[in-house]
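Down below is the structure, laid out as structure tokens.
Since every read-out is calculated from the coordinates, none of them should be taken as a lab result. Computed from a predicted structure; not experimentally measured. FYI the Cβ positions are ideal-geometry reconstructions off the backbone, even for glycines, and counts take in every protein chain you see.
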Amino acid sequence: MKNFIFAFSALLMLFFSGCGHTPVRRNTMPMALPPETVSEAAGARRAEEFRKATAALTVRGIALFPHAFIGNFENSAVIRMIKNLGFNRIYCYITSEQELTGELEEFIAAANNAGLPVELVLSQQDFYRAYRGNRLIRWAFIQYPTLKEAVKEAVDFAGSLPEGAKISGITVQFTPSLINGNNVQRSRTHLYSWNEKNYGKGGDNDMLMRQALTQAAEIAAIENLPPLTVAVQDFYHKAAADGKLSCGRIADFAKITPRVAVINSANRPSQLPVNIQSALDSAPGNCKILITVPLSGHSSMAGDRLRRRNWRDFLNSTAYLVKKTASHPACGGVIFSPLAIIEYLRLEK
């Protein structure tokens, strides 16, 4: 009987350890063509318009999600889309350690060969430690890697890449505001919950922001870490500046790394430069702000992503943002997210 229990336990350990991977986040728009497309000449004119609208930016970044194109598009086709729109830096979102693969290595090599640097992006919302069960049986359940552990895996992956397939940096997104009661993936070990009612020094929101800064400092100290960018939501800085949080200002993150990406939560074009202005004005002299613009998947979508009706609407929004921010000494550039939506708009009839 003892032998049976031992064998059964060993099988359980093998089974669960084999399944212990972070799920790939698939709620992002896949690369796809619109039902009706414009002519090739019209598509080329739109690409030229976008290149002109963004020419004043030092960094013209584009976000990619590997699961959206790997296996569906040739690397060369994706690189052509990126070059055609004038982007000069790729931000590749790794939502699971399972995506650190040979296929990703091949894409990085293709991008490097085309003169495009690639950064890996890891987000707090994807990597969390979800403890389940009591201490006696916890070993039998999947324990996903923490954000720091996932970054270490990305660093090891980067170190293993051959010449001609190198990454130029790692961006880590901190999203403590997503650790809240609505997050079904929030484990019982999270003591604090982000809530509009939980502001104030020493409150839950403040404690979560302190934890984010501590994590950022720990990640910055990882051995052999490529150049680090820390990405945060735009309203964190404002909440700290207004005294609702004891930390979370741009200057706090700039102490860890001089490269800070601010994720714009604007839903309307007129809000884009307004939401980012305070962060730009408050950035220390050594800090460069990268403005991240997430695009909504649908023109009627509300929330913290930029809405757009069509290509013209998106182009005008982009030109307005660049006009208002590109000349600011703290502006390091703009990152648009994701490529799938921009390419869809460019080709949509």
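Among 57-68, 276-287, 324-335, the peptide with the highest mean count of other Cβ atoms within 10 Å heads the list, and the full ranking is 57-68, 324-335, 276-287. Rounded, prolate or oblate: pick one for segment 59-131, where a ≥ b ≥ c are the square roots of the eigenvalues of its C-alpha gyration tensor, a/c under 1.5 means rounded, and failing that, prolate if a/b is larger than b/c, else oblate. Because a/c hits 1.5 or more and a/b exceeds b/c, segment 59-131 counts as prolate.
Toward the positive end of the charge dipole of segment 189-236, with +1 on the Cβ of Lys and Arg and -1 on the Cβ of Asp and Glu, the farthest Cα among Asn205, Pro226, Tyr236 is that of Asn205. Pairs over the 31 Å Cα-Cα cut-off, from the set Lys238/Lys323; Lys152/Lys197; Lys148/Lys197; Lys238/Lys349; Lys324/Lys349: Lys152/Lys197; Lys238/Lys349.
Among the GluC sites (Glu not before Pro) within segment 194-288, those in coil by DSSP and having at most 10 neighbouring Cβ atoms inside 10 Å are Glu223.
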